[in-house]
Amino acid sequence: MKDYSKKLFLWLPISIAVLFLLNISLGSITIPFDEVINILLGNDGSKESWANIIINFRLPKALAAVVVGAGLSISGLQMQTLFRNPLAGPFVLGLSSGASLGVALLLLAGVGVVGTGLFGLSSWLVVIAASVGSALVLSLVMVVSVRVQDSMTLLIIGLMFASLTGAVVSILQYFSTGEEIQVYLFWTFGSLGGLSWNEVSILLLILISGLMLVIAAIKPLNALLLSENYVQSMGLNVRKSRAVIILSTSLLAGSITAFCGPIAFIGLAVPHLTRLLFHTSDHKILIPAVAMTGSIIMLICDIISQVPGSDMILPINAITSIVGAPVVIWIILRRGTMKNTFAG
Amino acid sequence: MSNSNAILETKNLAIGYTNSNRQNIILKDINVSLNKGQLVCFMGPNGVGKSTLIRTICGTQKLIDGEITIADNDITKISKSKLAKLISVVLTDRINAGNLSVKELVALGRYPYIGWNVSFSKEDMLQIEKAIELTNIQSLVDYKIYELSDGQLQKVMIARALCQDTPVIILDEPTAHLDLNNRVEVINLLHDLTKHNGKTILMATHELDLALQSADRIWLAGSNQPIIDGFPEDLVLNGAIDEVFGLKGFDLKTGRLEKRLGKGSVSLKGDGHNYLWTKNALERHGYSVESDSVISIEIEVNQKLQWRIRKEGEHIVHTLEDLIELLN
């Protein structure tokens, strides 16, 4: 077995399984571990409410954590490779801002959502609004990226898009009712909970299709490590490859942002973390590794956000950064510079 | 000029950029050819369109007029994947693959032959090994790209191109940023690949001296004139290279910088390397070497090298530096 395959096929899946169980076992209501296992195996728990909590609340939430972690991390990885920039990620290029604008337009200015609830009948509309918003912003970024070769310029333009959408959202808020603003604000905090099995299955489906697109793009992604000219010289179609990468990213990041809100940090940091752990830039290894590492980080963040043993639930969006950033800083300081692992 | 030995040929080719309705032709009437097994250097001053022609031949830029044929295929009519099996490239683009191992980077060359799932067959592995062996980078295979020196990286990039197993390899300034040792090593490697492995290599370069010593032919591009495709020494003797480069103060026929003389003349006796380098030092400092002069210098090789100078008396020095000081 090669150095990486043990990590990839043994340690990462085991970590996910353990953290998944831990995630389900912990929460504001204490349920004994053997009861959790019992309920998961399909038996009735000692209390009916416990089974309900596990099956309809904690299980979909843990699954959502896995999907969101994997999806955002894969999006970040693709953006970093495509734009050849270690600072790229769904947020930096304004993808999440685009999604926010879409959702804001829908919630604040659009259809009367109030009454149906954020994730009631309108959940599909939210998904569509967020996806359209993010795809729009990403296409704009791509158009600009064709004109400018310099990725620094591109980042600034991404920041401009974020400011622009932020401004539009402010204006929308100004003319909205307090109730509408609250619904929108809660969406921006990010949340893994509150998803029904239906919604989680949709997310899972999108993750699978997004992953399939990424896997189909392994060759161009690896070739992009050299340059777009090399991609072409190896018989690959640059425009088609770029389109596949963008489609996959906007599908993943857009829909995740739609269902769970704009979740920070994961998309930017997990790819770096994984490169450091696996010492490679080969996307054939990186894609599964990044997906699993993303899931692990997200499961941990979700456990922390529930503040085990208390009634509090902290916004997941804050936890990802508060917990994740120091971890990444620590690993980078210990394992060497990012320049070595990312650039040439 | 059409010949059966040509693997790549252009006919009345015009290249440049097409904007919405304006054509900016950079070079036209290009009629050049690459013969099998030759190393051709493509030379010309900066901005003359070398990179544009290379991009056009590689199929990344559209040609404006005329045609390019490679191995009897019209370049505009074959698919990108087929072209990738005919031409491989080494470019000057900044690469971002620091965390790939040398072997992984070389293996990228097999991409035209493998499927989407990136699994290498026995044949692929064999080609990878062969490319590594030919470029003599066996000791580097497990290094990460960020650990390599510029010279090592260039050899790895050449190995990647070799691994693509194409009859034609095109390199854009492969010796830029390299020191003399590495430059010579890269040129020798390319030369060997054409002579022993039947590769045809086109290389854009500014290194006139290396080109003249190793190229089978030179494509010479100057502004406002068609590209000249000729035998290196002929281009020197008929002045074509002088004309294109507008060489100032460089005597191409002797291959040396023109000396600004004027400090008078000396006569020099001696032979071999000692003579050549003494002459070099003298000329560099403005003394012309003539057969008869009031100042005479004799090179003596006893146990130690020494120079006997007759100039208002007799002196003996042991280094050229002292010699020049004495003359001044």
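The values are calculated or read from the model by the stated rules, or taken from the named source; none is laboratory data. Note that the coordinates shown come from a computational prediction; the quantities given were computed from them, not determined experimentally. Here Cβ is always computed from backbone atoms with ideal geometry, including for glycine, and neighbour counts include all displayed protein chains.
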- Item | Residues of the stretch B:1-57 that turn out to be hydroxyl-bearing (S, T, Y) and within 12 Å of B:A204 (Cβ to Cβ), as a count | 2
- Item | Criterion violated by A:A51 - all others in (1) farther than 30 Å from A:F175 by Cβ; (2) at pLDDT below 80 satisfied | (2)
- Kindly provide the set of residues from the stretch A:77-90 that are surrounded by fewer than 24 Cβ atoms within 10 Å (Cβ to Cβ) and either among the charged types (D, E, K, R) or closer than 30 Å to A:T177 by Cα (or both), ordered by number. A:R84
- Sort through B:I68, B:I57, B:I64 and tell me the only one that's over 26 Å from the mean Cα position of the chain (by Cα) and under 23 Å from A:N229 (Cα atoms). B:I64
- Task: Can you give me the number of residues within the stretch B:107-117 that are at the interface with another protein chain (Cβ under 8 Å from one of its Cβ atoms), farther than 23 Å from B:K144 by Cβ and part of a helix (DSSP H, G or I)?
- Result: 1
- Note on the structure: Scanning the stretch B:81-106 for residues that are at pLDDT 90 or above and more than 9 Å from chain A (Cβ to nearest Cβ) gives B:L86, B:V90, B:V102, B:K103, B:V106
- Query: Can you name the residue in the stretch B:52-71 that is of a type in the set (G, A, S) and closer than 16 Å to B:T18 by Cα and, of all such residues, is surrounded by the most Cβ atoms within 10 Å (Cβ to Cβ)?
  - Reply: B:G59
- Message: One residue is enough: does the stretch A:185-192 have a residue meeting the conditions over 19 Å from the mean Cα position of the chain (by Cα), more than 13 Å from chain B (Cβ to nearest Cβ), surrounded by 19 or more Cβ atoms within 10 Å (Cβ to Cβ) and in a helix (DSSP H, G or I)?
- Response: no
- Item | Residues of the stretch B:148-191 classified as touching a residue at least 40 places away in the same chain (Cβ under 8 Å), away from every other protein chain (no Cβ under 14 Å) and farther than 17 Å from B:I218 by Cα, total | 3
- Task: Looking at (1) surrounded by 20 or more Cβ atoms within 10 Å (Cβ to Cβ); (2) within 11 Å of chain B (Cβ to nearest Cβ); (3) at pLDDT 90 or above, find the lone condition where A:A216 falls short.
- Result: (1)
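Listed here are the residues, each with its yes/no results for (1) modelled with pLDDT of 85 or more; (2) surrounded by fewer than 17 Cβ atoms within 10 Å (Cβ to Cβ); (3) of a type in the set (S, T, N, Q); (4) farther than 19 Å from B:V90 by Cβ.
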position	(1), (2), (3), (4)
B:L178	yes, no, no, no
B:I187	yes, no, no, no
B:L190	yes, no, no, no
B:S214	yes, no, yes, no
B:W219	yes, no, no, no
B:I227	yes, no, no, yes
B:N238	no, yes, yes, yes
B:V244	no, no, no, yes
B:D251	no, yes, no, yes
- Message: Looking at the structure I just gave you, is A:L211 within 14 Å of chain B (Cβ to nearest Cβ) and touching a residue at least 60 places away in the same chain (Cβ under 8 Å)?
- Response: yes
- Note on the stretch A:228-266: residues over 19 Å from the mean Cα position of the chain (by Cα), touching a residue at least 24 places away in the same chain (Cβ under 8 Å) and more than 19 Å from A:L140 (Cβ to Cβ) are A:S241
- Query: Filter the stretch A:221-244 for residues that are in contact with a Pro (Cβ under 9 Å, 6 or more places away or on another chain) and surrounded by fewer than 23 Cβ atoms within 10 Å (Cβ to Cβ); which is nearest to the other protein chains (Cβ to nearest Cβ)?
  - Reply: A:G235
- Of all residues in the stretch B:8-53, which are among the hydrophobic types (A, V, I, L, M, F, W, C) and either without any contact (Cβ under 8 Å) to a residue 24 or more places away in the chain or under 15 Å from B:D229 (Cα atoms) (or both)? B:L8, B:L13, B:L27, B:I30, B:V32, B:L34, B:L39, B:V40, B:C41, B:F42, B:M43, B:L53
- Taking the stretch A:168-191 as the region of interest, how many residues are within 14 Å of A:G261 (Cβ to Cβ) and at pLDDT 85 or above? 1
- Query: Hey, B:G44 hits all of (1) within 22 Å of A:Y230 (Cβ to Cβ); (2) buried (at least 20 other Cβ atoms within 10 Å of the Cβ) but one; which does it fall short on?
  - Reply: (1)
- Single unsatisfied condition, A:I14 versus (1) in contact with a Leu (Cβ under 9 Å, 6 or more places away or on another chain); (2) modelled with pLDDT of 85 or more; (3) surrounded by fewer than 21 Cβ atoms within 10 Å (Cβ to Cβ): (1)
- Task: Give the residues of the stretch A:296-331 that are part of a helix (DSSP H, G or I), within 19 Å of A:T257 (Cα to Cα) and not aliphatic (A, V, I, L, M), sorted by residue number.
- Result: A:C301, A:D302, A:S305, A:N317, A:T320, A:S321, A:G324
- Task: Name, by its number, the condition in (1) closer than 20 Å to B:V186 by Cα; (2) touching a Leu at 6+ places or on another chain (Cβ under 6 Å); (3) surrounded by fewer than 23 Cβ atoms within 10 Å (Cβ to Cβ) that does not hold for B:N96.
- Result: (1)
- Screening B:I145, B:I78, B:I114 for residues that are in contact (Cβ under 8 Å) with a residue 12 or more places away in the chain and among the hydrophobic types (A, V, I, L, M, F, W, C) leaves only B:I145
- Go through the residues of the stretch A:271-287 one by one and say whether even a single one is away from chain B (no Cβ under 14 Å), within 24 Å of A:S100 (Cα to Cα) and either among the acidic types (D, E) or surrounded by 24 or more Cβ atoms within 10 Å (Cβ to Cβ) (or both). no
- Item | Top-ranked residue in the stretch B:147-174 [being assigned to a loop (DSSP other than H, G, I, E, B) and surrounded by 23 or more Cβ atoms within 10 Å (Cβ to Cβ); ranked as modelled with the lowest pLDDT] | B:P174
- Query: Here are some residues: B:T76, B:T52. Which one is within 14 Å of chain A (Cβ to nearest Cβ), under 26 Å from B:N5 (Cα atoms) and of a type in the set (S, T, Y)?
  - Reply: B:T52
